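Before any comments, here is the structure.
The values are calculated or read from the model by the stated rules, or taken from the named source; none is laboratory data. Predicted, not measured: the structure shown is a model, and the values here were computed from it. As a convention, Cβ positions derive from the backbone with ideal geometry for all residues, glycine included, and neighbour counts pool all protein chains shown. Side chains are part of the model used for accessible areas, which takes the heavy atoms of the whole protein and leaves out ligands, DNA and RNA. Shrake-Rupley method; radii C 1.70, N 1.55, O 1.52, S 1.80 Å.
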Amino acid sequence: MAVKEIVRQAVSADGTRTIAAQRDFSWKRFILQWEWMLVLMLVIVNIFNISASPNYANAKNILNASRDFLDKAIVVFPMAFVLMLGEIDISVASIMALSATVMGIVYQAGCSMAVAIAAALLTGVICGFINGILLVKFPELSSMIVTLATQIIFRGIASIILETKSVGGFPAWFTQVAAGKFGGMIPYVLVFAVLEALFFAYLLHCTKFGRRCYAMGNSVTVAKYSGVKTDRIKVIVYTMTGLFSALAAVYLASKMSSVRPDVAKGYELDIIAMAVLGGVSTSGGKGRILGASLAILVIGYLRYGLGLINASSQIIMIVVGALLIIAVAIPSFRTSIGNANWFKKLKAMGQKK
């Protein structure tokens, strides 16, 4: 079905003419947005959690539960940008582990906690930059292969540094990064996650950088020949992902009060799952931060609810996997039905009768 558009022309004071195409508002298109499906999923998940534990239906408990998954949420938004480019980064959990390890050994060496945190953030930036540079310098390699290799390397370096040991004994104020609350109710990390979501929403939807990311996701070749500096954007996005992975590592270290080389194992799967469930296309060029934000809540609270009934980790993985299949299948199924010849023929027969 063709989309009806209105073409508007405007002439500014300096004589510059601009032409813009605007879609007519459609209630059907508005209601069928994927974000509404995510809202429905979130309602169902909360009903399930309330039935699993009557104590869940309490604002304080719901806010406290968010602290269990917001370490992953910190990385979901930059991961959405990576997927938007049509790329992937499965090294984020290993970057978290290496950043946390560096922070631990720097603090153990006698440096202040502020210096140790700065070292962790620098480590994340360097790791992300390495990913971006490798993909730019070796374009024949897929991002899956490159980040799989760096995933092993970064985790291996962390294991070599600490082996099976852990580092703790952080200052008391550092534990408040994860445990602290505004007004004794709203966790610091929740406020940070909301501000982060607003920042990335602005970056993606209201800036040239975001529009260029969309363009690259639709076609890197077209974007490149249109004047977009595709290599630079790719390096920036991967470096940004490394930085926020390091921030997540700092929060995780505060929550655990220690660092180990095996922290955040398997986190990359949940992070990618949250972005994909949020409607960010793995082939690039499609997605919104609002959808990713809702998906974080859906998967986060679903995991929390399954934990309330002591569900095994395997069951949780199966449920999350099923949600991903739904996320990928429903839009395609809806499109195929709308475009199917047999559906059009049935509709025409009904009109004749």
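Give the carbon-plus-sulfur fraction of the accessible surface of the stretch 208-313 in %, rounded to a whole number; probe 1.4 Å, heavy atoms of protein chains only.
56 percent
When you have a sec, figure out the Kirkwood radius of the stretch 117-219 from all distinct Cα pair distances and drop it here in Å to one decimal?
17.5 Å
Using +1 at the Cβ of each Lys and Arg and -1 at the Cβ of each Asp and Glu in the stretch 28-169, identify which of S159, G124, A65 lies farthest towards the dipole's positive end.
A65
Can you work out the PRE-style zone for F199? Point 7 Å along Cα to Cβ, and I want the residues of the stretch 244-269 with backbone N under 13 Å.
244-248
So, by mean Cβ neighbours within 10 angstrom, what's the order for 34-43, 52-61 with the highest one leading?
The peptides rank, most packed first, as 34-43, 52-61.
Considering the convex hull of the alpha carbon atoms of the stretch 245-322, report its projected area averaged over all viewing directions, in nm², one decimal.
Average of the hull's projected areas for the stretch 245-322 equals 6.3 nm².
Rg and Dmax of the stretch 30-160 over Cα atoms: what are they, in angstrom?
Answer for the stretch 30-160, Rg first and Dmax second: 19.4, 57 Å.
Could you list, in their original order, any pairs among K137/K286; K229/K255; K208/K265; K72/K165; K265/K286 whose Cα atoms are separated by more than 31 Å?
From K137/K286; K229/K255; K208/K265; K72/K165; K265/K286, over 31 Å: K229/K255; K208/K265.
For the stretch 54-102, report the accessible area per residue in Å² (1.4 Å probe, heavy atoms, rounded to an integer).
I get 22 Å² per residue for this part.
Please work out the average accessible area per residue across the stretch 208-266, using the 1.4 Å probe convention, and give it in Å².
46 Å²
Under 18 Å from the 7 Å Cα→Cβ point of N218, by amide nitrogen: which residues of the stretch 261-289?
Zone members listed by number: 280-289.
Roughly to the nearest percent, how much of the accessible area of the stretch 109-149 is carbon and sulfur, given a 1.4 Å probe?
That fraction is 82 percent.
With θ set to phi - 60° and the Karplus curve 6.51 cos²θ - 1.76 cosθ + 1.60, what are the ³J(HN,Hα) couplings of the stretch 224-234 in order, to the nearest whole Hz, using x for Gly and Pro?
These are the phi-based 3J(HN,Hα) values: 5, 6, 8, x, 6, 7, 4, 5, 5, 5, 4 Hz.
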